[in-house]
Amino acid sequence: MASLPLLVDCDPGIDDAIALSYLAAHPGTEIAGIISTGGNVEVAAVHRNNLVLAEQLGLEAPIARGAERPLVQEPIFADDTHGPGGLGHAVLPAPAGTGDPRNGAQLWVDLARARPGELVGLVLGPHTNLALALEIEPELPRLLRRLHFMGGAINHRGNTGPTSEWNIAVDPEAAQRVLAAFTGAPQRPVMGSLEATETVRFTQDTLDRFTELAEATGHPIAQILVDALRFYFEFHEADGFGWMAHVHDPLVAAHAVTEDFASIRPLTVDVELAGTLTRGQTVGDELGRWGRAPNLDVLTDVRPEEFIEHLLETLHAGLGRPGGA
Ligand code: RIB
Ligand code: CA
């Protein structure tokens, strides 16, 4: 199986950690680089989490710390959702290393320039560092093979503001610049927005299966994910959703790798920056009123049960093999 090389820009974050574990466990992927973007927690904690997760998963990719804050917006964090350290109740060892000396934006640019047309960009957090990378290298949309990102909500309530999704709400200017820069890219970016990712609902049964994963494989990352997920369930229960968890990032990662578990539909999307009530909303022009060609492919018709089975199968196979992931 040819390896799909990915650049992963993320803000672990509990669902980011599951997505990274999945990508490390999948036999057909190469994680070519990781960018730590401030989001769920501040960038120092995100970077620490990426370093530890990568060490636990045996990843040797360069890991670069991103910008200290969003382009314009004052920083906001989601300690209530992901815990003060970003991985819920998980207790992590201190990272052995400090990561790549470059900043996140420079790592985007250097790796894309070194492997033109090869790398798939996967953004699972705010777009801050990708926007900064585009300032360094405007050709990035043509240097990358394709961009996939988890973010936004199309004709669906937000999870941050009434109409805004977290990754976009943290840095709306960055998201708007990324969408503008990737308009006309060789392949439209794939957007995994809330109306798609919220169909992936972890239940107690899913949590039990992650516990079984930890017992069956004995892999330390599996116990980290169990302890992290417990916090995620507690947050969702406190937020009125009951004992469950919406797990966003892994679906987008799995679709980037397999192009399975969901369909895509072209849509013209832009980001509201000036709305007093709607700042950070991703607006989809379903009827073509703007007269602009579609700039994104949006995930639709998700098959969540099939995806969850694939996720657990991949983790069992990848974490269970000797020296696995
Ligand atoms: O809105 C969900 C997204 O925001 C996910 O990527 C989650 O990790 C947080 O970053
Ligand atoms: Ca994330």
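A few points about this structure:
- Contact order relative to length of region 1-136, as percent, for alpha carbon pairs under 8 angstrom and 6 or more apart: 33
- Efficiency of FRET between ALA216 and MET244 - r from beta-carbon atoms, R0 35 angstrom, step 0.05: 0.90
- Each other residue within a Cβ distance under 13 Å of GLY291 adds +1 if Lys or Arg and -1 if Asp or Glu, for a net charge of 0.
- Amide proton proximity set for ILE264, modelled H, under 5 Å, gap of 5+: THR300
- Sum of side-chain charges, ALA253 neighbourhood, beta-carbon under 11 Å (Lys, Arg +1; Asp, Glu -1): -3
- In the context of the full set of protein chains, residues of region 8-67 present 19 Å² of accessible surface per residue (probe radius 1.4 Å, heavy atoms only).
- Bridge orientation summary for the chain: considering DSSP beta bridges with both residues in this region, about 30 percent are antiparallel.
- Around VAL271: net Lys/Arg minus Asp/Glu count, Cβ-Cβ under 13 Å: -4
- Size of charge dipole - region 1-82 - debye, nearest 20, with Cβ of Lys, Arg +1 and Asp, Glu -1, no other charges: 200
- Axial C-alpha extent at least 24 Å, average Kyte-Doolittle at least -0.5 - helices from the chain (DSSP): 220-238
- Centroid-to-centroid separation of region 1-36 and region 216-242 [C-alpha atoms, Å]: 19
- Three-way shape label, region 186-238, alpha-carbon gyration tensor, a/c 1.5: oblate
- Accessible area per residue for region 175-325, computed on protein heavy atoms with a 1.4 Å probe, is 43 Å².
- For ARG145, the residues whose amide H sits under 5 Å from its own are GLY117, GLU118, LEU119, VAL120, GLY121, ignoring neighbours fewer than 5 places away on the same chain, with H placed 1.01 Å from N.
- Across the chain, the longest piece that holds none of the trypsin sites (Lys or Arg not before Pro) lying in DSSP loops with up to 14 other C-beta atoms within 10 Å covers 1-156.
- Region 130-152 and region 283-325: distance between their alpha carbon centers, rounded to Å: 19
- Per-residue ³J(HN,Hα) for region 275-282, Karplus 6.51 cos²θ - 1.76 cosθ + 1.60, θ = phi - 60°, Hz, x for Gly and Pro: x, 5, 9, 10, 4, x, 6, 8
- Sequence-separation-based contact order of region 151-289, relative, with Cα cut under 8 Å and 6+ spacing, percent: 31
- Sorted into 10 angstrom bins from 0, the C-alpha pair distances of the chain split as 6, 29, 39, 21, 4, 0 percent.
- Loop sites here are chymotrypsin sites (Phe, Trp or Tyr not before Pro) outside DSSP states H, G, I, E and B with no more than 14 other Cβ atoms within 10 Å. The longest part of the chain free of them is 1-240.
- In the chain, the DSSP-assigned H stretches of four residues or longer account for a calculated mean residue ellipticity at 222 nm of -12500 deg cm²/dmol, using -39500 (n - 2.57) per stretch and the full residue count as denominator.
- Tensor-based shape of region 219-325 (alpha-carbon gyration tensor, a/c under 1.5 rounded, otherwise prolate or oblate): oblate
- Region 271-310 shape via C-alpha gyration tensor axes, a/c threshold 1.5: oblate
- Relative contact order (%) - the chain, alpha-carbon pairs under 8 angstrom, separation at least six: 21
- Percent accessible area from carbon and sulfur atoms, the chain, protein chains only, probe 1.4 Å: 51
The values are calculated or read from the model by the stated rules, or taken from the named source; none is laboratory data. This one's a predicted model, so the numbers in the text were calculated from it and none came from an experiment. Cβ atoms come from the backbone with ideal geometry, glycine included; neighbour counts cover every protein chain shown. Side chains included, ligands, DNA and RNA excluded: accessible areas come from the protein's heavy atoms. Shrake-Rupley method; radii C 1.70, N 1.55, O 1.52, S 1.80 Å.
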